[in-house]
1. Lysines within cross-link reach of B:Lys209: Cα-Cα under 22 Å, excluding same-chain residues under 8 positions apart?
2. To check you understand DSSP bridge types, tell me what percent of the beta bridges within the protein assembly as shown (both residues inside) are antiparallel, rounded to 5.
3. Apply the Karplus curve 6.51 cos²θ - 1.76 cosθ + 1.60, θ = phi - 60°, to the phi angles in the range B:97-105 and return the couplings in whole Hz, x for Gly and Pro.
4. Once amide H atoms are placed 1.01 Å from N in the peptide plane, what residues at a sequence separation of 5 or more from B:Leu322, or on another chain, have their amide H within under 5 Å of its amide H?
5. Assigning unit charges at the beta carbon (Lys, Arg +1; Asp, Glu -1) and nothing else, what dipole magnitude in debye, to the nearest 20, does the protein assembly as shown show about its Cα centre?
6. Karplus couplings for the range B:236-243 from phi (6.51 cos²θ - 1.76 cosθ + 1.60, θ = phi - 60°), rounded to Hz, Gly and Pro as x?
7. What do you get for the angle between helix A:48-60 and the principal long axis of chain A? Use alpha-carbon atoms, 0 to 90 degrees, nearest ten.
8. With label points built 7 Å along Cα→Cβ from the Cα atoms of B:Ala308 and B:Leu124, find their separation and express it in nm.
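What follows draws every value from the coordinates through simple rules; no lab data is involved. Since this is a predicted model, take the numbers as computed values, not measurements. Neighbour counts are summed over all protein chains in view; Cβ atoms, including those assigned to glycine, are modelled from backbone coordinates with ideal geometry.
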Amino acid sequence: MENVQTIEFDISGQICPSTLLVALREINRNINELNAGRVQLVFKTDNRDCTNTIPEAAGNMGLTVDVRKDDSCYTILVYKG
Amino acid sequence: MQGRPPETGNSLTRHKAPATSVTGALLCLPTILNAFKLICLYCQPVLEFEIRIFTGRDQLMATTPFMLLCGTLLGLAAGFIMHRSDFCLAGMFRDLFLFRSAFKLRILLLLIITSTILFEIARLTGLIRIYPFPLLSSPSLAAPLGGMLFGIGMVLAGGCVVGSLYKTGTGSVPSLVALAGLVAGSAIFAEIAPWWSSVNGAAIFLKGKITLAEALGINPSVPAGVAVAAALPCFVLICRRGGWVRPTYTEGALQPWLAALLLALIGLISAIAIGMPMGITTSYAKAAAMVEAALCPAHYESLKFFQAMPLQYTHPLTGTLLRGGPGKELDAVALVQFPLILGIIAGGALSASLLGEFSIRLKLPPRQYLSAAVGGILMGLASRMGAGCNVWHLLGGLPIMALQSVLFLVGLLPGAWLGTRLLTRFVIR
C-alpha cells in the first residue's frame, strides 16, 4: 500500500468564508499530488456553510470528499477516490 | 506525515437535509403560530378591558410584556432557522462575486417575493394596519452610498447584521467583534449626523412618498402583482432544474428554501404583532448612546442625533402610542428591537448547543479581528446613513417596494463586490 501524505488545516473559528477560500486554494495548490493519489487534505472547520459547499466544489474537480463530525467540528477529507 | 489511505466503500457521507430537519422546521412553525395565537387570546380580553378603563401609562404596561414576548420568540425562531440553514445575507452577495454562485441569491429572491405576497395579502385583509411600515422614509439619492458602505462592511465582517448576531450565539469571536464595531460605527455616525442630515436632506426626492406605488399614485397591489407574476414562472423553472435544493453534509441542516419561507412568515408575524418587520440597527445606536452617556455625559448631551425620536407609531393591536429613538432611554426602539436582538443570539446559541457545535476559538489571525472590527464599524455607519440595515431594507422595505430600500440595494451590490476584493486581497490570503 502506498504511503499517502496527509496535510491538515485547522480553520475553526475563522471569519466566514475562510474555510472555503483556504480549502479551494490548498486543493488547487496540491491538485497534481491529489490526482496522483500521493496526498490527501484534511480541513478542520466549524463553519457549516463551507462544510456544505466544499464537497460539490471538490467534486467538480474530480475529487472525493468525506465529511465527519468530531465533537464540535467538522473534519473534511479531500482525496482522489 | 503518514496518513491512512481512504477506506474503501466510504465515499460521500451525505446528511440528507429532508428527514429530520424539515420535520424540525415544520414543528417550529405550529409552535410559533400557537404561541402567537395564545398570546393574542390572552391579551385580547385583558387589553380590551384595560383600554376601556385605563389610558396612557397602563396601556403601555400591558403592551410591554406582549412586545417583549413576541420579539424574543420571533428572534429565537429566526436565529435558530438561520443557523440551521446557513442563512446569511452577506454570503448571498459575496458568493456571487467570489464563486460566481447565484444559489443563495435565488433564495433571497424567494424570501423577498414571498414577503411581497404575504405583506400585500395582509394589507388587503387589514391584518397590517400601518402601511408603509414605521421608520421608512422618502427616498434619497444619497442612499446608494449608505448601501455601498454597508456592502463593503458586511463582507469584511464575515456576516451582515443578523448573521453576526446568530453567529455570536454560536461562539464566533469575529462576529462578536463585528457587533462591537456596529456600536462604534453608530457612535461615529452621531458625530457626523448633522452633516449627513444636510447632505441626505438635499438629496431627498419625491418627498412624502415612500413606496413605488405612492410615487406613481397607483394601488400597491399593482407593482406587487407585477413582481410576483414575473418571478413565479422563474421559480417554477428553477424548481424543475432542482435549483432550490442543495446537498448538505452538516448535522441538522435545514434547506435554505424552507428557511426563506419561514423567515418571510416571521416578518409577517412581526409586522402584524409588533407593527413592523424585523429591524435592528437603531439599537446599536442606542447601545452607543448608553455607553457615551455613561463615559462622557457632557459630550453625549451635545449630540442632536441621540435626541431625535424618529419612531412614532400606534401599536396595531393595543392602540398604545409608542415613541422612540437612538438615545440612551429604554423607549419604544428598545421595546421593539432589544428582545429581537437577544432572541436571535439565543436562537443561534440554542441551535448550536443542541448540535454540540457551540465553541469559542480565540487563536485567529489578527487581521481577521481587524477586518471584523472595520466591517462592523462600516455597517454601523452605513446603516444610519441609509436609514436601515440590509435586513430592514431587503426583508422589510423591498417587499413593499420602498424606494429608499431599492436605492440601498443599488449601492449594496458594488459595495459587496468591493468588499470581496478587499477580503481576498488583504484578509484571507
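1. Candidates past the 8-residue exclusion: nothing left.
2. Numbers: 20 of 26 bridges.
Once the DSSP bridges in the protein assembly as shown are tallied, antiparallel ones form about 75 percent.
3. 8, 7, 10, 6, 9, 9, 4, 5, 5
4. So B:Leu322 has HN proximity to B:Tyr313, B:Thr314, B:His315.
5. Numbers: 38 positive and 26 negative charges, 163 e Å.
Value, rounded to 20: 780 debye.
6. 4, 4, 4, 4, 4, 7, x, x
7. 20
8. 3.6
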